[in-house]
Amino acid sequence: MHLEQAISDVIQVGKRMYDRGYVASNDGNISVRLSENRLLITMTGVSKGFLSPEQLIVVDYDGKVISGDQVPSSEMKMHLMVYCERPDVHAVAHAHPPTATGFSVAGINLPENLLPEVIVSLGSIPTAPYGTPGTMELVKSLKNYVYDHDAILLENHGALTLGPDIITAYHKMETVEHVAQIALVARLLGQVNTIDDKNVDKLVQLYGLS
C-alpha cells in the first residue's frame, strides 16, 4: 500500500475510534501492511484521536524501525504475529470498546448467531484468554484464534479486528461493539434469542460463506 494513503487512513481511523469512545487517553493501536516486509504502526503512548504523520512508524517484520523517530506500539508483537499468520490481512486495529470489553471482563462470551449481519461479516467472536499486554504471552494466547476469526475479544483487555484494509478492520470493530450493546440489552430484558441452525445455514448458502 502507498505510504501516504496508509498514513491518512490510520489517522482517520484513529480519530473515529477516539470519537466513538472505543479508546481513551493513549489506549489502542493501529497498523497497516505496506508490503511483504514493511508495516506502518502507531507509536506508543499517544492518543489515537489526535494522531499526526510523525507519530506513525514504519517497521520491518523483525520489529526494527525503518523510518520514524518514535517508539512503536508496545503491542507490535501482536500485530506482527497476525501479519505473519494471515497473508490475507492487511490491517489490524486494537481498541477497548466499552460494552464488548465489559463482556470480556465479566467472563461472558458474546452469543453466537445473534444477528444476520454479524454472521455474514464476522461469524463468531471468540474471547482469547488473558495475556499480559506487550508480551509473547498475549501473542500465544491469540495465535490459535487469528486463523479463523477476524474479530476477537481479549479477556480483560479489549478487542482485536482484522481486515483487508484499515477502514474494513475499523468497521468490524464497530460491529463488535454494536452486537455487544444489543446482547447486553437483550440480557437486561431477560431473553437472548439466537438464530437457529436452519436459518444460519440459509445465510451460509445465500452469501457463500464457508
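Calculate the length of the line joining the C-alpha centroid of segment 112-155 to that of segment 24-54, in whole Å. If we compute the Cα centre of each part, the gap is 21 Å.
Heavy-atom accessible surface of segment 1-107, averaged per residue, reaches 43 Å², computed with a 1.4 Å probe.
With the dipole of the chain worked out from charges on the C-beta (+1 for Lys and Arg, -1 for Asp and Glu) around the Cα centre, which of Thr161, Gly123, Leu188 lies farthest toward the positive end? Farthest towards the positive end: Leu188.
For the chain, the membrane-span-like helices by this rule, meaning whole DSSP H stretches whose C-alpha atoms cover at least 27 Å of axis and whose Kyte-Doolittle mean is 0.5 or above, are 166-189; this says nothing about an actual membrane. Computed per residue of the chain from DSSP H runs no shorter than four, each worth -39500 (n - 2.57), the mean residue ellipticity at 222 nm is -13000 deg cm²/dmol. Only protein heavy atoms count here; on that basis, with a 1.4 Å probe, Glu117 has an accessible area of about 120 Å².
The values are calculated or read from the model by the stated rules, or taken from the named source; none is laboratory data. The model shown is predicted, which means the values in this text are computed figures rather than measured ones. Positions of Cβ are generated from backbone atoms using ideal geometry, with glycine treated the same way; all protein chains shown enter the neighbour counts. Note: areas computed on protein heavy atoms with side chains; ligands, DNA, RNA excluded. Shrake-Rupley method; radii C 1.70, N 1.55, O 1.52, S 1.80 Å.
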